[in-house]
Amino acid sequence: MSKCVMNSRIILYAILSKAVLVNLIMVQSASACSTPVFQYALFRWTPDTYQVLVFYEKHFSNRQKHALALLDKLENNSLIVCKRIDISQMANADESIKSVWDNLKRLKLSLPLVIVRFPSSSQCEGTVYVDSLSVSSVRQIASSPIRRNIADKLLRGDTIVWLILLSDNSEHNRRVKKLLSEELKKYEKQYFKNNMTKIRFAI
C-alpha cells in the first residue's frame, strides 16, 4: 500500500471516529424533534460574504456595465461586498489593494478584471477567482453547478456530502474514492446497528 493511500486511510479513520461521537450527540439532542439537528442548523446558516474587487481604468463599456449591475444585485442580496478600483488612481489605494494589483499585473490579463477574495471570517488570505469582467464571469461567481448539487443533496436529507479534490494522479484519485466509498458503507451499517437509525452520505 502506498504512503499516500495509507495516510488517506489514517485521516479517514480519524474523521469517522470523531463523526461517531458527533452523530451520537446529534441523535440524543434531536430525539424530541422531527427535524435533524444538522438540518435545523443548515437552514439557519448565515453564509459568509465574499469580497469582490473590480480593477478597471477610467470607464466601462455598456456590456461591462451590465456585468456590474449583476454584481450589484449579488451585493444587495448580501452574498458579496464589491469594491471598484480605478488603476489610474492606484496611488490613493490601500496597501492591501496595491498588493493584490501587483500580483494581478503578472497575469497580463486585459482590464477590467473581477477578483473574488476569501471572506474575512475564513482567516484565509488569497484569491479564489480571477477573470476579465463580463456577464459570463459574473454568472460563474453567482452560480456553481457543484455548489447547487451539494445543496440539493443536503436538502434531500444526506447527512454529510464529501468532496474529493482531485490531484493530477488519476490512479491515486481512483484509490481515494474507492477507499472513501468502502469505509462510508461500513460506517453506515455500523451506525444503523448501534442506533437503529439510517445515516446517508454522498460523494
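Brief remarks on what is shown
- Answer residue from region 12-68, given it is over 25 Å from TRP101 (Cβ atoms), among the hydrophobic types (A, V, I, L, M, F, W, C) and part of a loop (DSSP other than H, G, I, E, B) and is modelled with the lowest pLDDT among those: ALA30
- Being touching a helix residue (DSSP H, G or I) at 6+ places or on another chain (Cβ under 7 Å) and in contact (Cβ under 8 Å) with a residue 24 or more places away in the chain is a property that LYS58 has.
- Residue-level analysis places GLU183 among those that are among the charged types (D, E, K, R), over 18 Å from ILE80 (Cα atoms), touching a helix residue (DSSP H, G or I) at 6+ places or on another chain (Cβ under 7 Å) and in contact (Cβ under 8 Å) with a residue 12 or more places away in the chain.
- Test: residue in region 122-132 that is in contact with a strand residue (DSSP E or B) (Cβ under 9 Å, 6 or more places away or on another chain), free of Cβ contacts under 8 Å to residues at least 12 places away in the same chain, of a type outside the set (Val, Ile, Thr) and open to solvent by less than 40 Å² (accessible area, probe 1.4 Å): yes
- Looking only at region 69-89, and only at residues there that are aliphatic (A, V, I, L, M), at pLDDT 90 or above and part of a helix (DSSP H, G or I), the one that is farthest from PRO47 (Cα to Cα): ILE87
The values are calculated or read from the model by the stated rules, or taken from the named source; none is laboratory data. Here the structure is a predicted model, which is why all the values come from computation and not from measurement. Ideal geometry is used to build each Cβ from the backbone, glycine not excepted, and the neighbour counts take in all protein chains shown. When the accessible area is computed, the model is the full protein with side chains, heavy atoms only, and any ligands, DNA or RNA have been set aside. Shrake-Rupley method; radii C 1.70, N 1.55, O 1.52, S 1.80 Å.
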